[in-house]
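Input: a single structure, listed below in structure tokens.
The values are calculated or read from the model by the stated rules, or taken from the named source; none is laboratory data. What you see is a predicted model, and the numbers here were worked out from it, not measured in a lab. Here the Cβ is made from the backbone with ideal geometry for all residues, glycine too, and neighbour counts use every protein chain on show. Heavy atoms of the whole protein, side chains included, go into the accessibility calculation; ligands, DNA and RNA do not. Shrake-Rupley method; radii C 1.70, N 1.55, O 1.52, S 1.80 Å.
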Amino acid sequence: MTSVTVKEIAEITGGKLLCGDPSIIIDNVQYDSRNVKEGSLFVPIVGEKVDAHKFIPQCLENGAASFSQYDDTFDGTKPIIKVDNTISALQKLASWQRSQFPDLHFIGVTGSVGKTSTKEMIAAALSGGFDVMKTPGNKNSQIGMPCTMFDIEAKNQAAVIEMGMSEFGEMDRLCDVAHPNIAVMTNIGKAHIENLKTQENILSEKFKITKHFTDDDVLFINGDDPLLKTLYGKQHFRTISFGFGKDCDYYAENISTKGFSTEFDCIYSNKTVHFSIPALGEHSVKNALAAIAIGRTLGLSDEQIQSGLLTYKNAPMRQQIYQLSKITIIDDSYNASPEATKVSLDVLKSISKGKSIAVLADMLELGEQAASEHYGVGKHLAELGIDILFTVGTLSENTAEGAAENGCGNVHIFKTNEDAYNSLHQALESGLINENCTILVKGSRGMHTDEIVKKLLDEYK
């Protein structure tokens with residue numbers, strides 16, 4: 001973080017210094033009291049279950065200054081800045097931090113699915129020619145994304161930032177913080193449709209990533225997405241498309257898999273360039289196309305981009321492949337949506353040498369479309385010819401129904417992760433499932449399917 005005084009923070013955020021030395025220097029921002037140290041600014045968040053204001057005395061004792069929504073000065077000697085809302089104050093301070101780097105190539109990434117993997121691919125590609133800062137993990141929320149601003153350093157030439165939203169108005173606020181000058185929209189799916197009601201609303205809200213765009217800024221869109229295609233060429237700024245259709249500015253042909261890597265030809269500007277990425281699935285190729293398009297637009301050579309792409313690694317719990325002595329595990333347990341789950345099933349089918357097994361838990365936040373979307377995933381699974389399905393949760397009973405009614409003859413329904421794991425483990429140990437099987441584990445974050453992955457790794461590593 002750019003060093004700043006307590007007095008300056010109060011001025012930036014429109015707050016009032018209740019007490020403490022205004023000249024104290026702050027060089028880091030924390031919303032987790034366990035990470036507070038000398039020179040920290042503590043941002044106490046009022047949550048549904050815990051009001052973090054109760055940790056302010058402890059943070060002051062550890063040498064921090066603190067925001068507060070209340071008038072309590074505690075011992076009256078340590079710096080406390082009174083603000084109307086601590087999250088809003090955090091966002092104002094983060095916006096100021098962003099403004100300290102006007103020449104930075106700032107890439108905002110949004111979309112219904114694939115934000116984190118796309119962010120990782122872009123950051124990898126750009127690392128072939130730039131010093132790149134990227135969102136750690138998936139800190140893309142109203143709190144996490146602003147905190148990412150404080151990780152930007154003077155040496156950085158590019159920042160790749162994940163920007164997530166699930167409700168009306170959230171992208172507006174994130175853009176007021178981040179001011180991206182390059183944006184990527186991966187797709188418009190049905191994640192969070194429970195809150196946003198229609199895909200058209202999702203498109204409208206995500207498009208607000210361009211809120212502060214000037215004529216010189218650039219939007220990169222998935223040219224295969226029917227809703228995103230409607231944005232192409234109709235803006236006061238430039239739009240560049242990527243995808244598999246030959247009408248895209250950057251498109252891929254001759255896709256092939258070698259081990260756990262994928263090779264393809266990228267066609268753009270009437271030239272063909274061969275690329276290789278250490279990732280599987282057509283969705284990974286599409287992520288790479290976005291990265292190539294951005295890299296070329298920013299002036300990198302094909303060789304620099306290829307060098308960077310080879311450093312790509314999947315984020316934890318996102319299609320991480322573990323090739324163990326007896327089984328192969330695809331850990332995609334971080335989250336799930338209908339679109340992303342179908343893509344993961346495609347990957348499962350493409351790399352399976354023995355039995356293919358899918359362990360699928362409920363996909364949340366689908367509202368009235370939950371039953372039909374789960375059924376559609378089961379149907380897709382059956383059409384691919386996946387051998388065995390284990391489901392976890394009530395909604396996933398619709399997945400089981402879709403699979404069974406469309407030809408999958410080996411379907412097992414469970415209420416808990418533990419029951420699903422025990423049955424899977426018993427089948428593996430008894431020989432009912434051969435040792436060369438490949439197991440995909442996927443479900444919404446709230447279903448905690450990473451518990452199943454952990455048990456499999458502990459047993460078979």
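At-a-glance table
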read-out	value
Exclusive hit being more than 27 Å from PHE130 (Cβ to Cβ), surrounded by fewer than 20 Cβ atoms within 10 Å (Cβ to Cβ), touching a helix residue (DSSP H, G or I) at 6+ places or on another chain (Cβ under 8 Å) and free of Cβ contacts under 8 Å to residues at least 60 places away in the same chain, set ASP224, ASP172	ASP172
Set SER88, SER117: member being more than 30 Å from ASP225 (Cβ to Cβ), hydroxyl-bearing (Ser, Thr, Tyr) and part of a helix (DSSP H, G or I)	SER88
Residue ID - nearest to ALA291 (Cα to Cα), chosen from residues in segment 175-186 that are open to solvent by less than 30 Å² (accessible area, probe 1.4 Å) and either polar (S, T, N, Q) or in a strand (DSSP E or B) (or both)	VAL184
Condition met for LEU384 (open to solvent by 20 Å² or more (accessible area, probe 1.4 Å) and farther than 22 Å from LEU324 by Cβ)	yes
Pick from segment 129-156, criterion more than 30 Å from GLU303 (Cα to Cα), hydrophobic (A, V, I, L, M, F, W, C) and outside any helix (DSSP H, G or I), ranking: least open to solvent (accessible area, probe 1.4 Å)	PHE150
LEU93 vs. criteria assigned to a helix (DSSP H, G or I) and either farther than 17 Å from ILE143 by Cβ or at pLDDT below 95 (or both)	no
Which numbered condition ARG34 fails, given (1) surrounded by fewer than 17 Cβ atoms within 10 Å (Cβ to Cβ); (2) without any contact (Cβ under 8 Å) to a residue 40 or more places away in the chain; (3) more than 30 Å from SER444 (Cα to Cα)	(3)
Pairs where the first residue, in segment 269-281, is among the aromatic types (Phe, Trp, Tyr) and the second is open to solvent by 30 Å² or more (accessible area, probe 1.4 Å), C-beta under 6 Å, 6+ apart	PHE275/GLN306
Some residue of segment 368-382 being closer than 21 Å to THR449 by Cα and within 20 Å of the chain's Cα centre (by Cα)	no
Odd one out for VAL109 among (1) open to solvent by less than 10 Å² (accessible area, probe 1.4 Å); (2) more than 30 Å from VAL343 (Cα to Cα); (3) not in a loop (DSSP other than H, G, I, E, B)	(2)
SER117 open to solvent by 20 Å² or more (accessible area, probe 1.4 Å) and under 13 Å from ALA288 (Cα atoms)	yes
Complete set of residues in segment 308-343 that are farther than 22 Å from GLU435 by Cβ and either assigned to a helix (DSSP H, G or I) or aliphatic (A, V, I, L, M) (or both)	GLY308, LEU309, LEU310, ALA315, MET317, ALA336, PRO338, GLU339, ALA340, THR341, LYS342, VAL343
Qualifying residues in segment 389-435 (those that are of a type in the set (Val, Ile, Thr) and open to solvent by 50 Å² or more (accessible area, probe 1.4 Å)) - the one farthest from SER372 (Cα to Cα)	THR416
Total residues in segment 294-307, condition part of a loop (DSSP other than H, G, I, E, B) and among the basic types (Lys, Arg)	0
Subset of segment 344-361 (residues that are crowded, with 22+ Cβ neighbours inside 10 Å and over 23 Å from THR416 (Cα atoms))	VAL347
Conditions (1) open to solvent by 60 Å² or more (accessible area, probe 1.4 Å); (2) assigned to a helix (DSSP H, G or I); (3) not basic (Lys, Arg): number failed by VAL453	(1)
First in segment 81-93 and closer than 13 Å to CYS147 by Cβ, second anywhere and of a type in the set (Phe, Trp, Tyr) and buried (at least 18 other Cβ atoms within 10 Å of the Cβ), Cβ under 6 Å, 6 or more apart	THR86/PHE67; ALA89/PHE67
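Matching residues to (1) touching a residue at least 60 places away in the same chain (Cβ under 8 Å); (2) in contact with a helix residue (DSSP H, G or I) (Cβ under 9 Å, 6 or more places away or on another chain); (3) of a type in the set (A, V, I, L, M):
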| position | (1), (2), (3) |
| --- | --- |
| THR262 | no, yes, no |
| ASP265 | no, no, no |
| LYS286 | yes, yes, no |
| THR297 | yes, no, no |
